């Protein structure tokens with residue numbers, strides 16, 4: 001099991017545009033249209049499946065909210081931060 005990061009480390013390493021909400025990190029991405037948002041969700045799904053670390057994803061018409069946490073560790077881990085960076089690379 002992965003170790004959770006302490007509050008200071010999470011704040012220091014949190015990627016730009018991501019926020020911490022309790023034991024999760026969250027970002028909302030904005031798109032011009034629904035098909036672009038769906039393509040992004042599919043790209044994030046591919047990343048998540050490859051890492052077997054699945055975020056909560058909320059798809060709206062022109063935005064996508066992505067939330068990461070490591071449930072079995074009870075908080076935010078290195079993997080959450082790394083996958084947040086990977087999502088940003090798809091945007």
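Restricting attention to the stretch 44-77, report how many residues are in contact with a strand residue (DSSP E or B) (Cβ under 9 Å, 6 or more places away or on another chain), surrounded by 14 or more Cβ atoms within 10 Å (Cβ to Cβ) and in a helix (DSSP H, G or I).
Summing the residues that are in contact with a strand residue (DSSP E or B) (Cβ under 9 Å, 6 or more places away or on another chain), surrounded by 14 or more Cβ atoms within 10 Å (Cβ to Cβ) and in a helix (DSSP H, G or I) in the stretch 44-77 gives 2.
Looking only at the stretch 78-89, how many residues end up being in contact (Cβ under 8 Å) with a residue 12 or more places away in the chain and loosely packed, with under 14 Cβ neighbours inside 10 Å?
Final tally of qualifying residues: 1.
For residue 76, work out the one condition from (1) under 20 Å from residue 5 (Cα atoms); (2) at pLDDT 95 or above; (3) out of contact with any helix residue (DSSP H, G or I) (no Cβ under 6 Å at 6 or more places or on another chain) it doesn't fulfil.
(3)
What are the residues in the stretch 20-31 that are part of a strand (DSSP E or B) and either surrounded by fewer than 11 Cβ atoms within 10 Å (Cβ to Cβ) or over 10 Å from the mean Cα position of the chain (by Cα) (or both), if any?
The answer is 20, 21, 29, 30.
Which condition does residue 14 not pass, out of (1) surrounded by fewer than 17 Cβ atoms within 10 Å (Cβ to Cβ); (2) under 15 Å from residue 87 (Cα atoms), if it passes all the others?
(1)
Please name all residue pairs, on different chains or six or more residues apart, with Cβ atoms under 7 Å, provided the first residue is in the stretch 1-25 and is farther than 26 Å from residue 91 by Cα and the second residue is modelled with pLDDT under 95 and in a loop (DSSP other than H, G, I, E, B).
Pairs found: 1/72; 1/73; 2/73; 3/73; 4/73; 4/74.
The values are calculated or read from the model by the stated rules, or taken from the named source; none is laboratory data. Every value quoted in this text rests on a predicted model; they were computed, and no experiment measured them. Note that we place each Cβ from the backbone using ideal geometry, even for glycine, and neighbour counts take in every protein chain shown.
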